[in-house]
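Remarks on the structure that follows.
The values are calculated or read from the model by the stated rules, or taken from the named source; none is laboratory data. Predicted model, so just to flag it, every value in this text is computed and none were measured. When we count neighbours, we look across all protein chains shown, and the Cβ atoms used for this are built from the backbone with ideal geometry, even at glycine.
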Amino acid sequence: MSEQQSSAQTVGRESAPFFTVFTPTYNRAHTLHRVFDSLCAQTFRDFEWLVVDDGSTDDTRAVLDAWMNAAHFPIRYFRQPNSGKHIAHNRAIGEARGQMFVVVDSDDALVPNALERASRLWHDIPEVDRSRFCGVGGRCRDQRGRVIGIPFPESPFDTDFRQHLFVHRRFGGEKSQTLRTDVLRSYPFPEIARSNFVPEGLIGLQMARTHKLRFVNEVFRVYYVDDSETGVTLGSRDSVAKAAPGRLYYYIWLLNREMEYFRRSPAPFIKAAAMLPVLSRFAGRPLREVWRELDHWHAKLLALAAFPVALPLVIFHEFQVRSK
């Protein structure tokens, strides 16, 4: 089978499941057992596991083949040329059969009742209100049991990604989200040439204009940190050069679309403005061209004000890239 082809295999139930659990992976055969073991332990069984392999060179396929023959749930495997997590995500959304979509990275795991609680939380939203929500979510803990981030002020807590990012920042930290597949299909990641990464916030901010999220102060996912087993992740930001075009796209989009939140939360916008010269440098685009893509005078004024900060950042990242 060529690199441009995909393969898929399904075991178990043929009808559409309630959840599609999506795992993007790249050379993670040694950690994928975390996801698989946690899915085997789920108290809610109406799900499929959809794995998109981003061109792995290890024995990922062999590992998945063995599990396909043993699992009590459907496993579907697709392979693509090495392109990045955002491209794998688009593929998974197109292939997903579930009503709800859950992302579990290839080095993470779900707690045993995660899908059961997500299903109940979703169905607890009155049916008449459900169309205004794009999903539900909870908190994460690390592999040592430490819950990540500050609790929400109440549980359940209704918000949207814009409010969460710009207004309720103190309740930040890694979160677990279960999202409607049909809504996600309306917001695919842009497939930007020569970039292995597009920030996930782009999709969340777009969905926030029409849909809310309901969160609870319960742990749904185990997020592994400082782990010696973990290598380079799919879509990781280990090289600013590889991710530069996608990050540049996001920061321009942010400065053009969300500046109304600048006074409430200036830090994300100052960071975006300061990074424009860095990312334009590594994306191979003239800074004047990036400047012309800023739609409003206040975004351009912020970019000018941040320029003294940007110069040391260019030097720093240039050194980082050359030292790799």
Inset, instruction - Keeping to segment 118-131, report how many residues are part of a helix (DSSP H, G or I) and surrounded by fewer than 17 Cβ atoms within 10 Å (Cβ to Cβ). - result: 5
Legend entry - Unique residue being surrounded by 18 or more Cβ atoms within 10 Å (Cβ to Cβ) and within 25 Å of Gly84 (Cα to Cα) when the list is Phe171, Phe197, Phe166, Phe215: Phe197
Inset, instruction - Name the helices (runs of 4 or more DSSP H) wholly inside segment 132-226 in which the number of residues that are in contact with a Leu (Cβ under 7 Å, 6 or more places away or on another chain) and either assigned by TED's automatic domain parsing to the domain that holds Ala96 or under 26 Å from Ala267 (Cα atoms) (or both) is 1 or more. - result: 161-166, 201-207
Inset, instruction - Evaluate the following for Val147: is it of a type outside the set (Lys, Arg), crowded, with 19+ Cβ neighbours inside 10 Å and either over 16 Å from the mean Cα position of the chain (by Cα) or more than 26 Å from Leu255 (Cα to Cα) (or both)? - result: no
Legend entry - Unique residue being assigned to a helix (DSSP H, G or I) and crowded, with 22+ Cβ neighbours inside 10 Å when the list is Arg292, Arg288, Arg247: Arg247
Inset, instruction - Taking Ala114 as the residue in question, decide whether it is at pLDDT 95 or above and either within 24 Å of Val21 (Cβ to Cβ) or not β-branched (Val, Ile, Thr) (or both). - result: yes
Legend entry - Pair list, Cβ < 8 Å and 6+ apart or interchain, from segment 145-164 residues that are without any contact (Cβ under 8 Å) to a residue 40 or more places away in the chain to residues that are assigned to a strand (DSSP E or B) and buried (at least 16 other Cβ atoms within 10 Å of the Cβ): Gly149/Arg139; Gly149/Cys140; Gly149/Lys175
Legend entry - Inter-residue pairs, beta-carbon under 8 Å, first assigned to a loop (DSSP other than H, G, I, E, B) and surrounded by 15 or more Cβ atoms within 10 Å (Cβ to Cβ) and in segment 299-324, second at pLDDT 80 or above and of a type in the set (A, V, I, L, M, F, W, C), 6+ apart: Ala306/Ile270; Ala306/Ala273; Ala306/Ala274; Ala306/Leu276
